[in-house]
Amino acid sequence: MNISDILLEFRKTQNITLLECTNMNISNEDLNVISIEILSWLKLEYKRTLWAKEGRHISLKPLHLTSTYSWCNSLTELMGSDNIFSQVFEITDRNLDFKSELEEEYMMTARRTAFEKYNPSKIV
């Protein structure tokens, strides 16, 4: 199971044990926003890889975290303990990205999974 599968399962079941952060004081609302933001970012990153294959001058970008949002602060707090987030991601200069030691195949699979399976309903 990659990070996208785990976040998608969390969105469906709301089972926080999947995120390995049951002993942390982070609201379910923040955990939901974190999962939505990461899945949306991964989905966009996969689109960027497709655009690059088309010859567009596109590069992958980290997810920027802004301290004025509670979910960003909660994610930063999550990264300070041993859980699924800190095992897969790292924060550098207020930017979240995959850990550099992860294999490219894992990262591409996570991006592709988010692209294919994360399809939030649109509010009109």
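The values are calculated or read from the model by the stated rules, or taken from the named source; none is laboratory data. Everything numeric in this text was worked out from a predicted model, so none of it was measured. Positions of Cβ are generated from backbone atoms using ideal geometry, with glycine treated the same way; all protein chains shown enter the neighbour counts. SASA here: full protein model, heavy atoms, side chains in, ligands and nucleic acids out. Shrake-Rupley method; radii C 1.70, N 1.55, O 1.52, S 1.80 Å.
Looking at the square roots a ≥ b ≥ c of the eigenvalues of the Cα gyration tensor of region 49-90, which shape do they give, rounded for a/c under 1.5, prolate if a/b is larger than b/c, or oblate? Spell out each step's value before the answer.
Numbers: a/c = 4.96, a/b = 2.05, b/c = 2.42.
Note, shape of region 49-90 comes out oblate.
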(request) Give the residue from Thr92, Pro120, Leu63 lying farthest towards the positive end of the charge dipole for the chain; charges sit on Cβ (+1 for Lys and Arg, -1 for Asp and Glu) and the dipole is referred to the Cα centre. (result) Pro120
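For the chain, compute the number of Lys pairs whose alpha carbons are separated by less than 13 Å, excluding pairs fewer than 8 positions apart on the same chain. All intermediate terms of the calculation are to be shown ahead of the outcome.
Details: Lys12/Lys117; Lys43/Lys61; Lys43/Lys117; Lys47/Lys61.
So the count of such lysine pairs works out to 4.
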(request) Could you check how much of the accessible area of region 11-124 is carbon and sulfur, as a whole percent, using a 1.4 Å probe? (result) 49
(request) Can you work out the accessible area per residue across the chain, with the rest of the protein chains kept in place, probe 1.4 Å, in square angstrom? (result) 59
(request) In debye, nearest 20, what is the charge dipole magnitude of region 4-106 about its Cα centre with +1 on Lys and Arg Cβ and -1 on Asp and Glu Cβ, if you could check? (result) 520
(request) Could you tell me whether region 32-112 comes out rounded, prolate or oblate from its Cα gyration tensor? Rule is a ≥ b ≥ c as square roots of the eigenvalues, rounded for a/c under 1.5, then prolate if a/b exceeds b/c, otherwise oblate. (result) prolate
(request) State the three equivalent ellipsoid semi-axes of region 1-75, derived from the C-alpha gyration tensor as the square roots of 5 times its eigenvalues, in descending order and whole Å. (result) 27, 16, 8
(request) Would you please give the FRET efficiency between Met79 and His57, computed as 1/(1 + (r/R0)^6) with r the Cβ-Cβ distance and R0 = 22 Å, to the nearest 0.05? (result) 0.10
(message) Could you order the peptides 52-63, 71-82, 37-48, 18-29 from most to least packed, using the average number of other C-beta atoms within 10 Å per residue?
(response) 37-48, 71-82, 18-29, 52-63
(message) Run the helix sum for the chain: -39,500 (n - 2.57) per DSSP H stretch of 4+ residues, divided by residue count, reported at 222 nm to the nearest 500 deg cm²/dmol.
(response) -16500 deg cm²/dmol
